[in-house]
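S.K.: Right, I'll just put the structure down here and ask away after.
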Amino acid sequence: MKTAKEQVLKLIKAMIADGIILPQDLVRFIPKKVDSYDPEIVRQEMEDWYNNLGIESIIGHKLSLSPCPFSRKEIDQTIQNNEIILCQPKALTKKQIGQLLRMECWALDDPSVNSVGVKQDYDFWCKTQAALEPPMEFRGLNAEKIRRIFADEGKIGFTLELYLIFIARMRYLRSEIPDKRWWIWLLNTTYDASGYLIAGFDSKANFNVHSWMPKFSAKFVGARYLSLPKKRIVY
């Protein structure tokens with residue numbers, strides 16, 4: 001007795017012989033190997049993620065991200081170093097990002113909260129460590145010390161917007177939420193004239209944000225940094 005597989009193959013062979021289907025029609029069913037180091041694959045995956053989240057309902061049209069500026073070598077290094085690539089779409093406000101990612105806090109509505117260093121007229125690409133906890137070397141330090149370290153090493157701090165995106169991407173890619181036991185300095189988002197934000201999850205697992213002065217330090221407060229591509233592509 002012929003197996004189901006043999007019967008299907010016989011049917012396909014007969015349909016090819018009769019010209020009903022062509023051999024090239026079968027190519028679409030062959031799984032394609034994804035080139036994880038291709039910047040266009042990185043861009044397309046990020047764009048699909050945003051569109052699947054429902055960004056169209058917020059901006060009124062499907063998202064079309066600019067090319068990923070990270071080279072194949074940089075993407076390879078990102079994978080080897082346990083980092084993830086992030087992209088903040090242009091002209092998307094902090095309030096819209098919160099709506100899109102289903103995360104709320106008072107800072108998304110407060111006009112005294114301002115992010116710096118991320119222009120809103122182009123898609124902002126960057127990368128960061130994908131560890132579930134902040135780097136050891138930044139734990140327990142105040143904002144002033146961490147900012148000096150970042151400046152010396154050519155790194156930048158998180159904005160509130162990019163930290164929300166980071167949490168959502170980690171939840172999507174790793175099925176875990178980072179920094180559950182930590183509060184993180186958002187050193188590229190300021191509050192009023194001289195305050196900085198720390199962000200994290202409270203005892204009830206709700207995302208929250210607090211404003212602190214730059215000299216504040218505590219053993220439960222850490223920081224994360226962002227690294228930029230070597231070649232910036234601005235559209």
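S.K.: Scan (1) crowded, with 19+ Cβ neighbours inside 10 Å; (2) not in a loop (DSSP other than H, G, I, E, B) for the single condition residue 134 breaks and write down its number.
M.R.: (2)
S.K.: Next question, about the same structure. Can you tell me which of 84, 79, 75 is within 22 Å of residue 37 (Cα to Cα), of a type in the set (Val, Ile, Thr) and not in a helix (DSSP H, G or I)?
M.R.: The match here is 84.
S.K.: Among the residues of region 184-193, is any of a type outside the set (A, V, I, L, M, F, W, C) and either closer than 30 Å to residue 52 by Cβ or not assigned by TED's automatic domain parsing to the domain that holds residue 70 (or both)?
M.R.: Checking region 184-193: at least one residue is of a type outside the set (A, V, I, L, M, F, W, C) and either closer than 30 Å to residue 52 by Cβ or not assigned by TED's automatic domain parsing to the domain that holds residue 70 (or both).
S.K.: Of all the residues that make up region 63-111, how many are within 20 Å of residue 197 (Cα to Cα), surrounded by fewer than 19 Cβ atoms within 10 Å (Cβ to Cβ) and touching a strand residue (DSSP E or B) at 6+ places or on another chain (Cβ under 6 Å)?
M.R.: So the answer is 1.
S.K.: Same structure again: Of the residues in region 87-109, how many are in contact (Cβ under 8 Å) with a residue 60 or more places away in the chain and assigned to a loop (DSSP other than H, G, I, E, B)?
M.R.: Result for region 87-109: 5.
S.K.: Give region 215-235 a look and list any residue that's surrounded by fewer than 21 Cβ atoms within 10 Å (Cβ to Cβ) and farther than 30 Å from residue 73 by Cα, or say none.
M.R.: If the condition is that a residue be surrounded by fewer than 21 Cβ atoms within 10 Å (Cβ to Cβ) and farther than 30 Å from residue 73 by Cα, then 215, 216, 217, 218, 219, 220 are the ones that fit.
S.K.: Moving to a separate point now. How many residues are of a type in the set (Asp, Glu) and within 18 Å of the chain's Cα centre (by Cα) if we restrict to region 170-194?
M.R.: 2
S.K.: Looking for something assigned to a loop (DSSP other than H, G, I, E, B), buried (at least 17 other Cβ atoms within 10 Å of the Cβ) and touching a residue at least 12 places away in the same chain (Cβ under 8 Å) - is there at least one such residue anywhere in region 206-214?
M.R.: So far as region 206-214 goes, yes, one or more of its residues are assigned to a loop (DSSP other than H, G, I, E, B), buried (at least 17 other Cβ atoms within 10 Å of the Cβ) and touching a residue at least 12 places away in the same chain (Cβ under 8 Å).
S.K.: Return the only residue of 193, 168, 151 being more than 20 Å from residue 85 (Cα to Cα), part of a helix (DSSP H, G or I) and of a type in the set (A, V, I, L, M, F, W, C).
M.R.: 151
S.K.: From the list 181, 224, 174, pick out the single residue that is at pLDDT 95 or above and of a type in the set (D, E, K, R).
M.R.: The match here is 224.
Per-residue answers, yes or no, for (1) in contact with a helix residue (DSSP H, G or I) (Cβ under 8 Å, 6 or more places away or on another chain); (2) modelled with pLDDT of 90 or more:
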site	(1), (2)
17	no, no
20	no, no
29	no, no
34	yes, no
39	yes, yes
48	no, yes
55	yes, yes
59	yes, yes
63	yes, yes
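S.K.: Another one. Among the numbered criteria (1) touching a Pro at 6+ places or on another chain (Cβ under 7 Å); (2) closer than 23 Å to residue 41 by Cα, which single criterion is violated by residue 79?
M.R.: Failing condition for residue 79: (1).
S.K.: Looking only at region 157-185, count how many residues are among the basic types (Lys, Arg), in contact (Cβ under 8 Å) with a residue 24 or more places away in the chain and farther than 19 Å from residue 211 by Cα.
M.R.: 2
S.K.: Still on this model: Mind telling me which of the residues 124, 166, 150, 158 ends up being surrounded by 14 or more Cβ atoms within 10 Å (Cβ to Cβ) and either farther than 23 Å from residue 63 by Cβ or not assigned by TED's automatic domain parsing to the domain that holds residue 85 (or both)?
M.R.: 150 is the lone residue from the list that is surrounded by 14 or more Cβ atoms within 10 Å (Cβ to Cβ) and either farther than 23 Å from residue 63 by Cβ or not assigned by TED's automatic domain parsing to the domain that holds residue 85 (or both).
The values are calculated or read from the model by the stated rules, or taken from the named source; none is laboratory data. Treat the numbers as computed from the prediction; the structure is a model and nothing was measured. Quick reminder, even Gly has a Cβ in these numbers, built from the backbone with ideal geometry, and neighbours come from all protein chains shown.
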